[in-house]
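Below is one structure, written out as structure tokens; comments come after it.
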Amino acid sequence: MIEEYSKFEAIADQWWDEDGKFSILHHINPLRIKYIVNQITAIKSLKYKKKDYLEKCSIIDIGCGGGLVCEPLARLGATVSGLDFVEKNINVAKDHSKKEFLKINYFLSDIDKLNLKKKYDVVLLLEVLEHLDNWENIIKKINLYLKPNGILIISTINRNIFSFFGAILIAERILKWIPKKTHSYEKLIKIKELTNTLEKNNFKISDISGLFYNPIKRKWNIDKSKTKINYFCTAIKIN
């Protein structure tokens, strides 16, 4: 984790620069928010009226970085917290949310030694697991911090020949969408590995969808059939 810490600390000041090191996240962020909101709506709509389903949700973004996901969700009415293990990330997130007059609870915590003080309706793990040495341990802990029927939403990268070329060779080394060595192929996670771990830890898989780039239209899309590289996984805690 020391190496991962150094990577993100070095570029922490660029979180809100749409043309900086995190520009790819700015491009996909509207889709990430759309996916999150749609999943919460689909699962919670039976319990809450549609107009206030997010207002009744407490959400924590684990590995929140500079707050790119936290801020849109806060604007939509959710009670949002953000956690990161890089102090500079948290400082950037706090400063930006203050400028935007948003009330978001940001705090510093070691993800590998997760010890939250409360339970949440929704836990987000976006582009986080593939950077961890023991991601299975985080899944085990997450269950403790979700309310009954709580929702866990994950986005990560599949491990296969397509992701090697697409996410590492092309995205990092050719197109330079993200800094080199952002990802290690060995740490990427096959869908079956993730779903098996979730099911072993008292989760029911609700959705698997792919996030892919159409080079012809130069546009990112979400499609259930295109999960070979980037994918989302939504799971519900079983009581």
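Tabulated data
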{"read-out": "Identity of the residue in the range 191-220, β-branched (Val, Ile, Thr) and in a strand (DSSP E or B), that ends up nearest to the chain's Cα centre (by Cα)", "value": "Ile208"}
{"read-out": "Selection count where residues are of a type in the set (D, E, K, R) and either more than 16 Å from the chain's Cα centre (by Cα) or part of a loop (DSSP other than H, G, I, E, B) (or both), scope the range 124-136", "value": "2"}
{"read-out": "Residue under evaluation Ala74, criteria (1) under 15 Å from Val122 (Cα atoms); (2) in a strand (DSSP E or B), criterion not met", "value": "(2)"}
{"read-out": "Any hit, the range 91-102, residues being buried (at least 22 other Cβ atoms within 10 Å of the Cβ) and touching a Phe, Trp or Tyr at 6+ places or on another chain (Cβ under 7 Å)", "value": "yes"}
{"read-out": "Qualifying residue in the range 154-168 (condition: at pLDDT below 95, basic (Lys, Arg) and in a helix (DSSP H, G or I))", "value": "no"}
{"read-out": "Which listed residue, of Leu102, Leu108, Leu175, is aliphatic (A, V, I, L, M), within 24 Å of Tyr35 (Cβ to Cβ) and modelled with pLDDT of 95 or more", "value": "Leu102"}
{"read-out": "Residues located in the range 113-144, provided they are of a type in the set (D, E, K, R) and under 20 Å from Ala12 (Cα atoms)", "value": "Glu127, Glu130"}
{"read-out": "Residues (farther than 16 Å from His27 by Cα and part of a strand (DSSP E or B)) located in the range 221-230", "value": "Asp223"}
{"read-out": "Single unsatisfied condition, Glu18 versus (1) out of contact with any His (no Cβ under 7 Å at 6 or more places or on another chain); (2) modelled with pLDDT of 90 or more; (3) more than 19 Å from Val128 (Cα to Cα)", "value": "(1)"}
{"read-out": "Meets criteria (of a type in the set (Ser, Thr, Tyr) and more than 17 Å from the chain's Cα centre (by Cα)) for Ser97", "value": "yes"}
{"read-out": "So Ile139, is it under 18 Å from Phe232 (Cβ atoms), part of a helix (DSSP H, G or I) and β-branched (Val, Ile, Thr)", "value": "yes"}
{"read-out": "Single residue of Gly82, Gly65 found to be under 27 Å from Gly210 (Cβ atoms) and part of a strand (DSSP E or B)", "value": "Gly82"}
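The values are calculated or read from the model by the stated rules, or taken from the named source; none is laboratory data. The structure presented is a predicted model; accordingly, all values stated were derived computationally and were not measured. As a convention, Cβ positions derive from the backbone with ideal geometry for all residues, glycine included, and neighbour counts pool all protein chains shown.
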